Amino acid sequence: MFEPFPGNYVWNLQTNLALVCGGNHGEIDAANRPIFEAATQGGDAGTATLFDSWVAVADQVTRNAEADEAAGYLLSAGTKYLRASGYYLSAERMQSRDYAPRWAAYDKGLELYRKGVALRGLHIDFVEIPYGDASYPAIFVHDGSGVPRPALVSCNGLDSMKEQVNMAGHGASNLERGMNTLFVDQPGTGEALRKRGLPAVYDAERWGTPAWEYLASRPDVIAEKIGMFGLSLGGYYAPRVAANEPRYALCAVMGANHVWGARQKERLANEGENPVPHYWDHVLWVWGKNTVEEFMADMPRVTLDGEIEKMRMPFLVTHGAGDRQIPVSNAYRSYDQAVNSKKRHLRIFTQADFEVEHCGADNGTVMRDYIADWCAETFAEL
């Protein structure tokens, strides 16, 4: 993994994710250089300094986009707006929930994402998925033809957002292989958490079933060919959904997360790297808990033991051999327990793939494209 901040995994991860999501190396370098000293204080300290530096670069990229737009260079402007959106969202993701400036940055990120999509002429629909008495937001990435195609529901991990996952190329990679994608901000993530106050739930089929039903209602989706995909904590959510919603045709994960609840005990003992600063405050917010004790009491339910055996559809598990967040043993456990899957496959990525970190953060293309290939191949077999 590219590590500009020696010994600071959380800040290095942020940099890598921003690059994976389409960031420019020169702009990211300009954001990072002023904060090298602050990074030596650890993952939690100095995040406000990081925020200021990244937002300053995002502001300048936005001004550059505005100049392009004023000159009539709309495609160039759209490209820059999307890049600026990624920087705002990346800076926001690194802050504690009580850091007030994060909210303006998040709103700016969403605003510029929509603006970039419009100026680039991308085929992206902004939609709402019913959820109990409320709804949660999603973006539907399609080819604009209206021709029925297979589709994937893509769910976030603990701290990712629908815009970021699409900007990481998943939507484009799927489109090239004949698949549409519904990127969801499921409860506990993105807009669902920030704008709707919807916390995460262990029984993810509560939001996974409405996502399937939404796609099945669209004339440009083949209802019999809707798959479920998740990355990071989505390596728990996606199999949980598929195990309890048999109408999904396949399931694939980027980074297994079979026993995420048990992993929290290990994190209390400082085992493994955290994905974000202010980790414990973040997970309390995500799961709607008031104390660590209350959070930990709920964690035994966050396991795929006793669930994944229900899966009968094809199932793909991928994992990085050098994942510093979630042990690779999770991948073997998910694969071994999926005994009723009609087609199960395990792929561990090694140094030969140049992608070994958590969810491919050190490269961003290899797991992504392998999963897209497998899903397209499996849909064709169906």
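Observations
- In this simple spin-label model, placing a label point 7 Å from the Cα along the Cα-to-Cβ direction at both residue 305 and residue 36 gives a separation of 4.7 nm.
- When the Cα atoms of the chain are aligned to their principal axes, the ranges along those axes come out at 53, 52, 47 Å in descending order.
- Axial C-alpha extent at least 30 Å, average Kyte-Doolittle at least -1.0 - helices from the chain (DSSP): 47-70
- Segment 58-175: translational diffusion in µm²/s, Stokes-Einstein, Kirkwood Rh over Cα pairs, 37 °C, 0.692 mPa s: 212
- Positive minus negative residues near residue 325 (Lys, Arg vs Asp, Glu; Cβ under 14 Å): -4
- Length added when fully stretched, residue 213-residue 281, from 0.36 nm per residue minus Cα-Cα: 21.1 nm
- Violating pairs (Cα-Cα greater than 20 angstrom) within the set 115/225; 265/289; 80/195: 115/225; 80/195
- Percent carbon-and-sulfur accessible area, the chain, ignoring ligands, DNA and RNA, probe 1.4 Å: 51
- Around residue 169: net Lys/Arg minus Asp/Glu count, Cβ-Cβ under 11 Å: -1
- Here's how it looks for residue 136: its modeled amide H is under 5 Å from those of 129, 131, which are all 5 or more places away or on a different chain.
- Close amide H partners of residue 231, meaning residues 5 or more places away or on another chain with modelled amide H under 5 Å apart, are 155, 157, 254.
- Three semi-axes of the equivalent ellipsoid, segment 174-328, Cα gyration tensor, whole Å, largest first: 27, 18, 15
- Interchain or long-range residues, amide H under 5 Å from residue 349's placed H: 319, 320, 321
- Difference of contour (0.36 nm per residue) and Cα-Cα distance, residue 25 to residue 99: 23.9 nm
- Electrostatic bookkeeping for residue 110 treats Lys and Arg as +1 and Asp and Glu as -1; over the other residues with beta carbon under 14 Å from its beta carbon, the sum is +3.
- Stokes-Einstein D for segment 1-133, Kirkwood Rh over Cα pairs, 4 °C, 1.567 mPa s (µm²/s): 83
- Ranked by solvent-accessible area (1.4 Å probe, protein heavy atoms only, all chains present), the residues 359, 155 order from largest to smallest as 359, 155.
- Structure-based [θ]222 nm, the chain - -39500 (n - 2.57) summed over DSSP H runs of at least 4, per residue, nearest 500: -14500 deg cm²/dmol
- With a 1.4 Å probe rolled over the protein heavy atoms of all chains, the accessible area of 62, 79, 209 falls in the order 79, 209, 62, largest first.
- C-alpha center-to-center spacing [segment 226-242, segment 32-78] in angstrom: 32
- Bridgeable aspartates and glutamates around residue 108 (alpha carbons under 12 Å apart, same-chain partners fewer than 8 residues away excluded): 59, 92.
- Placing a label point 7 Å from the Cα of residue 133 along the Cα-to-Cβ direction, the residues of segment 179-222 whose backbone N falls under 16 Å from that point are 196-199.
- Gained length - residue 67 relative to residue 373, 0.36 nm times residue gap less alpha-carbon distance: 106.2 nm
The values are calculated or read from the model by the stated rules, or taken from the named source; none is laboratory data. Remember, it's a predicted structure, so these values are computed and weren't measured experimentally. Cβ atoms come from the backbone with ideal geometry, glycine included; neighbour counts cover every protein chain shown. When the accessible area is computed, the model is the full protein with side chains, heavy atoms only, and any ligands, DNA or RNA have been set aside. Shrake-Rupley method; radii C 1.70, N 1.55, O 1.52, S 1.80 Å.
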